[in-house]
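So the structure is just underneath, and the comments pick up after that.
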Amino acid sequence: MDSQHWRATITAAQSGDRQALDELVAGWLPLVYNIVGRALNGHADVDDVVQETMLRAVGNLGSLRDPDSFRSWLVAIAMRQIRDRARRRTPDRLEEAPAADFAELTVLRLQLEGQRREVAEAVRWLDDDRQLLSLWWLEVAGELTRRELAAAVGITRQHAAVRVQRMKERLETSRGIVRALDGACPDLRELTGRWNGRPDSVWRKRLARHIRGCGYCGDPRESVVPAERLLAGIALVPLPAGFTLSLAFGGKTAAAATSAGWSAKLLGALTKPAVAMTAGATIVAGGAYVVTQPPDAPPPRAEVTPTATAAGSEPPPPSSPPPPPPTPSPSKKSDLYGTVVDAVDRAPDPDTRPAALPRRPETGVTSTGGPKAVMQHRGDRVTLTGQGYVLVRWQISPSSRPGALVMPSWTGLKGKLFHVASGGWRRMDDPLPGAPNGYATGMGGPDIGYAVLPPGTQQMWQNEYFYLDGTVTLTQNERGCDYGLTVFPSNREAVDKDVGEGPAQGAIRYGLVRDTGTDGAPVPQYVTRSTPADPATVPQRSRV
C-alpha cells in the first residue's frame with residue numbers, strides 16, 4: 001500500500017476514525033510480529049511484547065506529529081519493548097527455550113527451500129545479533145530503510161553499516177554450520193556427541209573451528225548466494241493461526257473502552273478470550289471468529305467470518321447445534337489397519353522416479369522436542385501429536401562404535417501412524433564414493449566396521465517420513481552401534497520435493513513412496529499401542 005494512503009489513514013485515526021484505526025492495527029501488526037518474533041526467536045514472551053508495542057502505539061498515536069514517520073516510530077517502540085523485556089528477565093529465565101521456534105515458522109509459512117531455508121535456520125545461531133538481524137532481514141526484504149534501521153537501534157547510519165557487516169559475517173558462518181550438520185561427516189558427529197542440540201555462541205565457535213579445518217564440511221558443494229540476494233523481496237511471515245493478543249483495561253468496561261475510541265473490531269484484535277467479559281470482544285488472528293459481548297449479555301454465538309480452513313474441512317454454520325456425540329461401543333475393538341512391511345525390500349534403481357505421493361489431511365504436528373529434536377543417546381524420546389507428516393533423519397556412526405543396531409520404537413500410539421515415504425537421496429546401505437575415514441556406505445565400511453540391522457528389519461533411508469493422525473512417542477534405543485535421530489514435524493510439500501529430486505551432482509537414487517493413500521498403507525516397524533517399561537522390547541511386527 002502506498003505512503004499517501006497510509007498518511008491519510010494515520011491522520012484519520014488520529015482524528016478518531018475507528019475504521020482507520022482498525023485498518024492501521026491490522027496493517028502494521030504483521031510487521032511488529034516479524035520484528036519481535038525474530039528478535040526473540042519465538043520465545044513465549046513474543047505475544048506480550050507485540051501486545052505492549054501495539055498498545056503503546058495506539059495509546060500515543062495522538063502525539064505523532066508527522067504521519068510519514070509512523071513506520072520508524074512504530075519500529076522504535078517495538079525495539080524499546082524488546083530491550084525492556086531483556087532487562088526484566090530474571091536469571092532463572094535466561095535459559096528458557098522458545099515456545100515456537102521462529103526460524104522454523106519462517107521456513108514453513110514462507111515455504112522456503114534450498115539456500116533460503118538455510119539462511120532462516122542459521123538465524124538460530126545468532127543469539128547476540130537477533131535484534132539487529134530482525135531489522136536487517138526486513139531491510140533487505142524491502143520493508144524497512146537503512147535510516148529506519150539505524151533510528152530503531154539508536155545509532156548513526158555509519159555505525160549501523162559496521163554492525164550489519166559484522167552480523168552478516170556471523171550469519172555466513174552459521175550458514176556453514178547448518179550445511180555441515182545436515183551432512184554426514186563422522187568427525188562432526190563425534191564432536192557434537194555432548195551437544196544438547198540448542199544453538200549458542202560457544203558451540204557456534206567450536207563448530208566453526210571444525211568446519212575451517214575439515215575438507216568435507218568446508219566444501220559447500222554448490223555456489224553460495226549472498227543472504228541479502230536470497231531475502232530480497234521476501235514476504236513477511238504471516239500471523240500464525242490462533243495468534244492472540246490481550247489488552248488489559250485496568251477495570252474499564254467494554255462500554256467505557258468503546259466510548260474512549262476503541263471499536264469492537266480493534267478490541268477484538270487486542271483481546272484474549274480470558275478477558276472477554278471485561279473488554280467485550282475476542283478475535284483469533286487470521287479472522288476465524290469474532291465475538292462481541294457486553295459485560296452482562298448472555299453467552300454469545302460465534303460469528304464465523306471468512307478464513308482459510310484446512311483442506312477438506314468446512315466451518316460449521318453459525319447457529320447450527322453441535323451434532324450429538326456418537327454412542328460408545330465399549331465391546332467393539334478398533335479394527336486393524338496397515339500392511340505388513342516386515343521384510344527387506346529391494347532399493348529402486350538409480351534415476352527411477354517414485355510414484356505419486358497421495359494427499360492426506362494436515363492440521364499440523366506438535367513435538368515435545370520442538371521443531372528439531374536431536375536424539376543421540378539411549379532413552380532419548382519425543383512425543384508427537386496432531387495430524388500431519390513427520391521426518392525422522394538418520395545419522396549412523398560405526399566409526400565411533402560399530403555392531404548390532406537396536407532400532408528405535410514407537411509406543412503409546414493413539415490413532416494411526418503410517419510409513420509414507422523414504423528419501424534423502426540414498427538408502428543407508430548405498431555406496432558413498434569418496435566418503436571419509438573408512439566409510440563405504442552409510443552403514444559403515446570394512447575399515448571401521450558396519451552397523452548391522454536385526455533380521456527382517458526394513459533398511460532405512462537417510463530421511464524416513466511418517467504420517468500421524470493422533471499421538472505417539474518415538475524412543476531412541478541405541479545399543480551396540482552408535483546412531484542418532486533428528487525428528488522434524490514436516491508437510492506433504494517437503495516430502496514430495498525430497499522424494500522427487502536428487503542432489504545437484506545427480507541422484508544416487510530418487511525417493512520411495514510407500515503410501516497408498518488408504519488405511520492399507522504400511523505402518524512402521526516396532527510400533528505398539530502399549531507403553532512398555534523398556535521401549536527397546538517392542539516387537540518388530542507391523543500391524544496395529
task = Taking only the range 442-474 into account, find how many residues are within 20 Å of residue 499 (Cα to Cα), of a type outside the set (Asp, Glu) and outside any loop (DSSP other than H, G, I, E, B).
result = 7
task = With a cut-off of at least 2 residues that are in contact with a helix residue (DSSP H, G or I) (Cβ under 7 Å, 6 or more places away or on another chain), name the strands (runs of 3 or more DSSP E) lying wholly within the range 347-439.
result = 381-396, 409-427
ask   = Of the residues 175, 206, 179, which single one is open to solvent by 30 Å² or more (accessible area, probe 1.4 Å) and under 22 Å from the mean Cα position of the chain (by Cα)?
value = 179
message = Just the residues that are over 15 Å from residue 484 (Cβ atoms) and of a type in the set (Gly, Ala, Ser), please, taken from the range 440-454.
response = 440, 445, 449
message = Looking only at the range 360-378, count every residue that is open to solvent by less than 40 Å² (accessible area, probe 1.4 Å), closer than 24 Å to residue 541 by Cβ and modelled with pLDDT under 95 and tell me the total.
response = 1
ask   = Can you name the condition, by its number, that residue 43 falls short on among (1) at pLDDT below 85; (2) in contact with a helix residue (DSSP H, G or I) (Cβ under 7 Å, 6 or more places away or on another chain)?
value = (2)
ask   = Is it true that residue 107 is open to solvent by less than 40 Å² (accessible area, probe 1.4 Å), modelled with pLDDT of 85 or more and assigned to a helix (DSSP H, G or I)?
value = no
request  = Filter the range 507-524 down to the residues that are open to solvent by 20 Å² or more (accessible area, probe 1.4 Å), of a type outside the set (A, V, I, L, M, F, W, C) and in contact with an Asp or Glu (Cβ under 8 Å, 6 or more places away or on another chain), then identify the one that is modelled with the highest pLDDT.
outcome  = 510
ask   = Any residue in the range 475-484 that is assigned to a strand (DSSP E or B) and under 22 Å from the mean Cα position of the chain (by Cα)?
value = yes
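The values are calculated or read from the model by the stated rules, or taken from the named source; none is laboratory data. The structure displayed is predicted, hence computed values, not measured ones. Cβ: placed from backbone, ideal geometry, glycine included. Neighbour counts: every protein chain shown. Ligands, DNA and RNA are excluded from the accessible area calculation, which covers all protein heavy atoms including side chains. Shrake-Rupley method; radii C 1.70, N 1.55, O 1.52, S 1.80 Å.
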